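Notes to accompany the following structure.
The values are calculated or read from the model by the stated rules, or taken from the named source; none is laboratory data. Not measured: the values here are computed from a predicted model. Neighbour counts run over all protein chains shown; Cβ positions are idealised from the backbone, glycine included. Quick note on the areas: whole protein, heavy atoms, side chains included, nothing else; ligands and nucleic acids left out. Shrake-Rupley method; radii C 1.70, N 1.55, O 1.52, S 1.80 Å.
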Amino acid sequence: MSATARGATAKKTVSELNLILLGPPGAGKGTQAERLQDDFHLPYIATGDILRSAVREGTQLGRQAKEYMDKGELMPDEVIVGVVLERIASDEARDGFLLDGFPRTAEQGRALDSALVDVGRRLTAALLIDVPDDEVVRRLSGRRVSVKSGRVYHVEFDPPKHEGRCDVDGSRLVQREDDKPETVRHRLEVYHRMTEPLIKHYEDKGILRRFDGARSATEVHDHIRATIATLRLEDEL
Ligand code: AP5
């Protein structure tokens, strides 16, 4: 066992929260992640946010990502796996992390499992926020995002105080390119084909926790928070 692995194993006496958020596009993963970060002070690693920021900065990763994202396709596994594993191995994620949007394929799931095993760590839970397809379409067609802060709104369910303007910094609210109806339908199809099989993978490992994402954002949050608190207690016993 390497020194890094020994260190990581010893560290497990302190309860470490290594969480992933699973669910279809528009299930509310980002909405819940914002609240869970406040509750548990976990570094938040959201692959969609990382890629959108690379697109804005015009980096090589961003140029490649834009082509896939605009069409609702997934980035190649080898690219995204490298990006995420680097973050998980960083000091910031030493005591836990909250992953959103990764893994999204069986290959990504295997890469994550084996990277964690290599350093004596494991996933605490896979939090599945489930929402039917027609609700996804309703949510994503009404989603608006602040160009500056990235804060997410919904024209009906979570409207800003002033139409078209962010409450936090007054910047413009825009619709994401991949929230156009035809792209949303394709993203859903990709989710069912490529990502849904991961549910069984985590169920078989005994770490899947399901949440009814059709409930209000506050109800979903309460349920997830209570579940994580219980997991943490069980881990400390
Ligand atoms: P990504 O950004 O990860 O998109 P996604 O998984 O499709 O998720 P969304 O951000 O669309 O939805 P969400 O679940 O966070 O919902 P939100 O909280 O905003 O990925 C985008 C693209 O990047 C991919 O298509 C792919 O190209 C690429 N990519 C990313 N990761 C990759 C990977 N691992 N491999 C390869 N490619 C990758 O909520 C949605 C709306 O609903 C909001 O308006 C919100 O206000 C509202 N809302 C939320 N909760 C509720 C509620 N309970 N009731 C009513 N309204 C609600």
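The gain in end-to-end length when the E203 to R35 segment is fully stretched comes to 58.0 nm, 0.36 nm per residue minus the alpha carbon separation.
Against the longest alpha carbon principal axis of the chain, how many degrees, from 0 to 90 and to the nearest 10, is the axis of helix 47-57 turned? That helix lies at roughly 60 degrees to the long axis.
Of the beta bridges in the chain, as assigned by DSSP with both residues counted there, near 30 percent are antiparallel. The residues of the stretch 128-237 expose, per residue, 60 Å² of accessible area to a 1.4 Å probe.
Each label was represented as a point 7 Å from its Cα along the Cα-to-Cβ direction; for S90 and R110 these points are 2.8 nm apart. Per residue, the stretch 15-70 exposes an accessible area of 43 Å² to a 1.4 Å probe, with every protein chain left in place.
The Cβ shell under 15 Å around Q175 holds other residues with a net charge of +3, Lys and Arg each +1, Asp and Glu each -1.
Angle of helix 29-40 to the longest C-alpha principal axis of the chain, folded into 0 to 90 degrees and rounded to 10: 50°. At the residue level, T47 shows approximately 10 square angstrom of accessible surface with a 1.4 angstrom probe and all protein chains present. When the helices of the chain are scored as -39500 (n - 2.57) per DSSP H run of n ≥ 4 and the total is divided over every residue, the value at 222 nm lands at -15000 deg cm²/dmol.
When the pairs K66/K161; K29/K66; K148/K200 are compared against a 26 Å limit on Cα-Cα distance, K66/K161; K148/K200 fall above it. Counting protein heavy atoms only, the chain has 51 percent of its accessible area on carbon and sulfur, 1.4 angstrom probe.
The slack between D235 and H192, meaning 0.36 nm per residue of separation minus the straight C-alpha distance, is 12.3 nm. Charge tally for G101 (other residues, Cβ to Cβ under 13 Å; Lys, Arg +1; Asp, Glu -1): +2.
The relative contact order of the stretch 104-237, computed from alpha carbon pairs under 8 Å that lie at least 6 residues apart in sequence, is 32 percent.
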